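A.B. asks: Supplied in structure tokens, the structure appears directly below.
The values are calculated or read from the model by the stated rules, or taken from the named source; none is laboratory data. Here the structure is a predicted model, which is why all the values come from computation and not from measurement. Note that we place each Cβ from the backbone using ideal geometry, even for glycine, and neighbour counts take in every protein chain shown. When the accessible area is computed, the model is the full protein with side chains, heavy atoms only, and any ligands, DNA or RNA have been set aside. Shrake-Rupley method; radii C 1.70, N 1.55, O 1.52, S 1.80 Å.
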Amino acid sequence: MAMFQPARGTHDLIGEDCRRHQAVIDAARRISALYGFEEWATPIFEDTKVFARSLGDTSDVVMKEMYSFEDRGGESVTLRPEGTAGVCRALVSNGLVQGGLPRKVFYAGPMFRYERPQKGRYRQFHQIGLEILGAPEPLADAEAIACGWHIQKELGIDAGTTLEVNTLGDAPSRDAYRAALVAHFSAHKTALSEDSQLRLEKNPLRILDSKHLQDKPLVAAAPTIFDHLTAEARAFFEAVLRHLDAFGVPHTVNPGIVRGLDYYSHTAFEFVTQRLGTQGTVMAGGRYNGLVEEMGGPPTPSVGWAAGVERLGLLLEANGRTPGPPRPVAVIPVGDAAEGPALDLLQALRRAGIAAEIAYRGNLKRRMERANRIGARAAVILGEEEMAAGRAQIRDLDAGTQESVAIDEVAARLA
């Protein structure tokens with residue numbers, strides 16, 4: 001009989017992998033709540049137009065990576081390749097754009113892209129992310145970044161990451177910059193990759209994000225946006241940097257940071273690391289001022305970021321910060337008559353917030369062996385003599401000591 005394996009580009013989360021995965025999400029959920037973010041959960045698949053319109057038809061995601069298919073009703077749907085478009089769609093379709101802005105949203109869940117699997121990159125992967133919807137101020141950009149930095153500090157991986165920040169400017173800045181890029185790349189068009197030649201006609205800024213080796217020298221020699229910023233765009237970026245200083249977030253300016261999606265403007269940033277090889281970006285995002293309009297809503301300036309849970313988990317592993325499983329208490333009945341009272345005690349411990357387990361069968365010796373095997377911190381032994389006296393024996397499996405405790409005091413003693 002054939003042994004089935006996970007589909008290419010997917011992976012199982014078991015044991016330490018699952019604990020690291022959950023530790024990342026739990027920390028992000030906890031810290032984002034301190035910053036006033038509420039959690040939203042949008043569908044895993046959407047109408048294909050939600051992503052095709054928002055991501056841009058020249059993006060790698062739309063051109064090569066989306067899992068799109070026709071459902072049985074003949075509708076084109078797509079497994080979500082990222083989270084921002086779905087959040088903006090939800091803002092509009094739930095009628096939340098007319099009042100109560102800004103809204104601060106946190107999300108976590110699986111995403112899907114058809115790309116070459118490698119360490120830390122999968123076809124089904126997981127992201128955490130947040131969006132501040134309806135906030136045009138540069139302070140929102142800085143606070144979103146500061147929250148991401150705080151999450152990394154909570155995970156203990158901040159020493160291994162660096163924030164690189166850039167500006168994509170406002171519309172007039174980008175128009176001037178686009179013209180400069182067209183002039184630069186047109187002079188070397190035949191040396192560009194096929195993908196970049198296509199982008200030269202549709203969106204030359206995308207060439208700056210090219211992964212083709214033949215494009216690298218031309219990209220390195222390209223002009224930067226700082227020569228084409230309007231006074232307003234320059235002032236916005238300088239304000240973001242001042243606010244980052246006020247939040248205590250270390251950063252460097254990198255003119256090469258661009259976002260690969262059409263809806264970004266002004267701030268663009270990445271937290272990068274050298275500890276994951278070539279896949280060095282662990283958290284990235286920026287400002288987008290037109291995406292809610294693409295979903296049928298009014299102009300809603302917004303900012304946000306997303307981070308790969310798998311990559312953050314790899315940093316946890318590299319730093320030796322894999323959380324261990326909770327150490328339970330083993331409840332051990334001795335004799336058939338003790339089983340009922342042992343189950344009562346088992347549930348009393350769980351209601352008190354204490355992890356507790358009971359072996360389904362075996363004598364005292366075998367149950368104690370299992371207690372050691374599961375890493376229990378203590379064993380609560382309940383036999384005929386103990387029940388008659390209304391007491392239980394608590395054995396500390398680390399210290400090797402044992403004491404008799406009244407049954408109704410066992411939970412308090414173990415808390």
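A.B. asks: Give me the net charge of Gln402's neighbourhood, meaning all other residues with Cβ under 10 Å from the Cβ of Gln402; Lys, Arg count +1, Asp, Glu -1.
C.D. replies: The answer is -1.
A.B. asks: If packing is taken as the average count of other Cβ atoms within 10 Å, what order do 307-319, 23-35 fall into, highest mean first?
C.D. replies: Details: 307-319: 21.5, 23-35: 18.3.
The packing order, highest mean first, is 307-319, 23-35.
A.B. asks: Using the Karplus equation 6.51 cos²θ - 1.76 cosθ + 1.60 (θ = phi - 60°), what ³J(HN,Hα) coupling, rounded to whole Hz, does each residue of region 167-180 give in order, writing x for Gly and Pro?
C.D. replies: Result, rounded to whole Hz: 10, 9, x, 8, 4, x, 4, 5, 4, 5, 5, 4, 5, 5.
A.B. asks: How big is the charge dipole of region 166-315 about its Cα centre, in debye rounded to the nearest 20, if each Lys and Arg gets +1 on its Cβ and each Asp and Glu gets -1 on its Cβ?
C.D. replies: On the way: 14 positive and 16 negative charges, 63 e Å.
So the magnitude is around 300 debye.
A.B. asks: Suppose we keep just the alpha-carbon trace of region 1-113; what are its Rg and Dmax in angstrom?
C.D. replies: 17.1, 60
A.B. asks: For region 176-221, what does the alpha-carbon gyration tensor say about shape, rounded, prolate or oblate, given a ≥ b ≥ c as the root eigenvalues, a/c under 1.5 as rounded, and a/b over b/c as prolate? Walk me through the numbers on the way to the answer.
C.D. replies: Numbers: a/c = 1.45, a/b = 1.34, b/c = 1.08.
Taking the square roots of the gyration eigenvalues as a ≥ b ≥ c, region 176-221 is rounded.
A.B. asks: Quick check on region 277-318: what does the Kirkwood estimate of hydrodynamic radius come out to from the alpha carbon pairs, in Å? Could you put the intermediate results ahead of the total?
C.D. replies: Working: mean 1/r = 0.0809 Å⁻¹.
Answer for region 277-318: a Kirkwood hydrodynamic radius of 12.4 Å.
A.B. asks: Search the structure for amide H atoms under 5 Å from the amide H of Tyr288, placed 1.01 Å from N in the peptide plane, and list their residues when 5 or more places away or on another chain.
C.D. replies: Ser265, Ser302, Val303, Gly304
A.B. asks: Ignoring ligands, DNA and RNA, please state the percent of accessible area on region 12-136 from carbon and sulfur, probe 1.4 Å.
C.D. replies: 50 percent
A.B. asks: Still on this structure: Taking amide hydrogens as modeled 1.01 Å from N in the peptide plane, which residues meet the under 5 Å criterion relative to His212, leaving out close sequence neighbours?
C.D. replies: Those qualifying (amide H under 5 Å, at least 5 residues apart or on another chain) number zero.
A.B. asks: Using a 1.4 angstrom probe on the protein heavy atoms only, could you order Phe112, Phe4, Phe69, Phe271 from most to least accessible area?
C.D. replies: Greatest to least solvent exposure: Phe4, Phe69, Phe112, Phe271.
A.B. asks: Apply 1/(1 + (r/R0)^6) to the Cβ-Cβ distance of Ala337 and Asn94, taking R0 = 51 Å, and write down the FRET efficiency to the nearest 0.05.
C.D. replies: Efficiency, rounded to the nearest 0.05: 0.30.
A.B. asks: Right, another one. In debye to the nearest 20, how big a dipole does region 48-202 give about its Cα centre with +1 on each Lys and Arg Cβ and -1 on each Asp and Glu Cβ?
C.D. replies: Details: 19 positive and 20 negative charges, 70 e Å.
Using Cβ point charges on Lys, Arg, Asp and Glu, region 48-202 gives about 340 debye.
A.B. asks: Calculate the all-directions average of the projected area of the chain's alpha-carbon convex hull, and give it in nm².
C.D. replies: In nm², the orientation-averaged hull projection of the chain is 27.6.
A.B. asks: What is the dipole size for region 316-399, taken about its Cα centre, with +1 at each Lys and Arg Cβ and -1 at each Asp and Glu Cβ, in debye to the nearest 20?
C.D. replies: 320 debye
A.B. asks: Could you estimate the translational diffusion coefficient of region 337-394 from the Stokes-Einstein equation, with Rh from the Kirkwood formula over C-alpha pairs, at 25 °C and 0.890 mPa s, in whole µm²/s? Let's see the in-between values first.
C.D. replies: On the way: Rh = 12.0 Å.
The Stokes-Einstein estimate is 205 µm²/s.
A.B. asks: Still on this model: Measure nothing fancy, just the Cα-based angle from helix 309-318's long axis to the longest principal axis of the chain, in degrees from 0 to 90, nearest 10.
C.D. replies: Long axis of 309-318 versus the principal axis of the chain: about 60 degrees.
A.B. asks: Mind checking which aspartates and glutamates have their C-alpha under 12 Å from Lys49, skipping anything on the same chain fewer than 8 residues away?
C.D. replies: Lys49 reaches Asp57, Glu75, Glu294.
A.B. asks: Assign one of three labels to region 1-47, namely rounded, prolate or oblate, based on the Cα gyration tensor with a ≥ b ≥ c the square roots of its eigenvalues; rounded applies when a/c is under 1.5, prolate when it is not and a/b is larger than b/c, and oblate otherwise.
C.D. replies: Oblate shape, in that a/c is at least 1.5 and b/c is the bigger or equal ratio.
A.B. asks: Please name whichever of Gly297, Gly15, His126 sits farthest to the positive end of the charge dipole of the chain, dipole taken about the Cα centre and charges placed at Cβ: Lys and Arg +1, Asp and Glu -1.
C.D. replies: Working it through, the farthest residue towards the positive pole turns out to be Gly15.
A.B. asks: Determine, from the Cβ-Cβ distance of Ala187 and Tyr360 and an R0 of 51 Å, the FRET efficiency 1/(1 + (r/R0)^6), rounded to the nearest 0.05.
C.D. replies: Calculated value: 0.10.
A.B. asks: Calculate the length of the line joining the C-alpha centroid of region 171-207 to that of region 2-29, in whole Å.
C.D. replies: Measuring centre to centre over Cα atoms gives 40 Å.
A.B. asks: Could you sort 133-142, 81-90, 99-108 so that the peptide with the highest average Cβ count within 10 Å comes first and the rest follow in order?
C.D. replies: Sorting 133-142, 81-90, 99-108 by mean packing, highest first, produces 81-90, 133-142, 99-108.
A.B. asks: Shifting gears a bit: Using a cut-off of 15 Å between alpha-carbon atoms, which aspartates and glutamates can reach Lys216, once sequence neighbours fewer than 8 places away in the same chain are excluded?
C.D. replies: The reachable aspartates and glutamates, counting only those whose Cα sits under 15 Å from Lys216, are Glu194, Asp195.
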